[in-house]
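The values are calculated or read from the model by the stated rules, or taken from the named source; none is laboratory data. In this text the structure is predicted, and so the values were computed from the model without any measurement. Counting neighbours? That spans all protein chains shown, and the Cβs are built from the backbone with ideal geometry, glycine included. Accessible surface is based on the protein model in full, side chains and every heavy atom, while ligands, DNA and RNA are left aside. Shrake-Rupley method; radii C 1.70, N 1.55, O 1.52, S 1.80 Å.
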Amino acid sequence: MVCMLALAFGVSASARPISVATPQAAAASKAVGTVKAISGNNIVLAAEGGSDTNVIVQDGARLLQIEPGETDLKKATPLQLSDLQNGDRILVRGNAGPDGKSILAVSVIAMKKADLAARHAHEQAEWQRNGIGGLVSAVDPAAGTITVSTSALGANKSVVVHVSKNTVLRRYAPGSVKFDDAAAAPIDQIKAGDQLRARGQKNADGGELTADEVVSGSFRNISGTINSIDAGANTITVQDSVTKKPVVVQISQTSQLRKLPAPMAQRIAARLKGGSGDAPAGANTANTANTGGAAGGASGSAPAAPAGGSALEQRSGDTGASRGPGGANGSGGRGGAGGQGGDLQQAISRMPPSNLTDLQKGDAVMIVATSGNTEASGGVVAITLLSGVEPILQASPSGQSILTPWTMSGAPGGDAAQ
């Protein structure tokens with residue numbers, strides 16, 4: 001059925017026309033994407049990372065609406081062309097136009113923007129309620145188990161994740177931070193040291209989780225001070241406190257830059273030193289309150305991750321400014337890296353964005369980046385960069401990270417998560 005409706009318009013579907021080489025329909029084409037504009041029977045289909053595709057809906061074309069995630073066309077309902085709106089997700093089939101670029105569509109299957117948003121919100125909520133995340137410490141493919149260390153500011157806890165033939169396993173593509181680039185991958189591709197998030201049913205003490213969905217990837221944590229800034233190339237060079245070597249970090253359009261308020265940084269540093277993390281007398285806590293409380297015992301309810309974005313997002317729930325699995329609390333159980341009930345990752349995601357121009361030589365930063373090198377700089381691409389972390393690095397010279405790759409880019413499966 002059109003490749004399970006192109007995986008329900010999902011992960012590996014491209015909005016570029018795809019030729020179907022058959023003797024009967026040598027010029028047949030199909031495409032998946034988001035409606036960018038509509039005029040009469042002409043639709044401009046926005047490609048993800050590619051050029052737009054012009055779709056001309058033919059008279060008598062079959063138009064159907066289907067719920068997000070559904071793959072059975074028997075459950076689809078008729079749709080009028082006039083019901084399509086910008087932002088709707090569509091799968092079109094037909095023949096290549098005379099120009100070889102457009103598609104003369106004889107079939108249009110749509111998922112409405114509002115339905116996609118509702119599903120996205122539901123998935124994010126599921127990851128928030130039933131998700132865990134952290135670093136993989138062991139994998140046993142034969143037993144179908146993955147042991148994840150969900151360290152939260154010095155408090156280590158291991159969770160055994162059980163996977164079965166019904167578990168959806170996805171893995172981020174090398175060098176990519178987009179959840180839409182994540183592809184199905186068997187358990188034996190998961191390695192110790194990988195970042196992993198899993199969603200499913202936890203046992204009573206939270207030490208085990210039977211997974212419905214798992215997303216993993218290889219990312220790099222970098223902590224250190226800025227040696228230099230190249231605004232023209234959108235790069236910074238950081239002296240890694242662990243390797244003692246300089247690292248070139250590319251700041252992309254999807255990179256999340258935030259500055260940690262001083263009171264919050266002091267609380268986290270106190271936790272790392274084994275203290276209570278309570279604010280010192282007279283400390284200004286206004287900034288912390290404005291960012292949702294945070295590491296030192298913030299309030300309980302975590303807000304929805306910010307909309308928009310694209311790194312892990314997007315269907316993954318990736319929705320931070322980069323989109324995207326936003327608000328992912330990859331550092332562990334309830335409360336994540338903040339621990340003690342405060343969701344540090346959510347607090348960070350609500351902070352105002354920073355810019356490259358806000359950084360200065362000598363600033364201390366913590367970065368989660370892609371593990372692969374960029375072709376241009378020989379460095380890495382920042383997913384999340386957090387400045388204002390001087391007290392934290394002083395408390396943890398080894399550079400214990402309080403960030404996760406999906407901090408602000410959306411959680412897997414609705415790529416947000418906790």
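Below, the figures for the structure above:
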| quantity | calculated |
| --- | --- |
| Failed item, numbered, when E208 is tested on (1) more than 21 Å from the chain's Cα centre (by Cα); (2) within 28 Å of S396 (Cα to Cα) | (2) |
| Any chance G94 is part of a loop (DSSP other than H, G, I, E, B) and not hydrophobic (A, V, I, L, M, F, W, C) | no |
| Matching residues in region 50-71 - criterion: being open to solvent by 20 Å² or more (accessible area, probe 1.4 Å), under 16 Å from R119 (Cβ atoms) and in a loop (DSSP other than H, G, I, E, B) | E67, G69, E70, T71 |
| Test: residue in region 259-274 that is of a type in the set (D, E, K, R), at pLDDT 90 or above and under 23 Å from G134 (Cβ atoms) | no |
| Which listed residue, of T225, T243, T237, is open to solvent by 50 Å² or more (accessible area, probe 1.4 Å) and part of a strand (DSSP E or B) | T225 |
| Hits in region 120-151 - residues which are part of a helix (DSSP H, G or I) and surrounded by fewer than 19 Cβ atoms within 10 Å (Cβ to Cβ) | A121, H122, A125, R129, N130 |
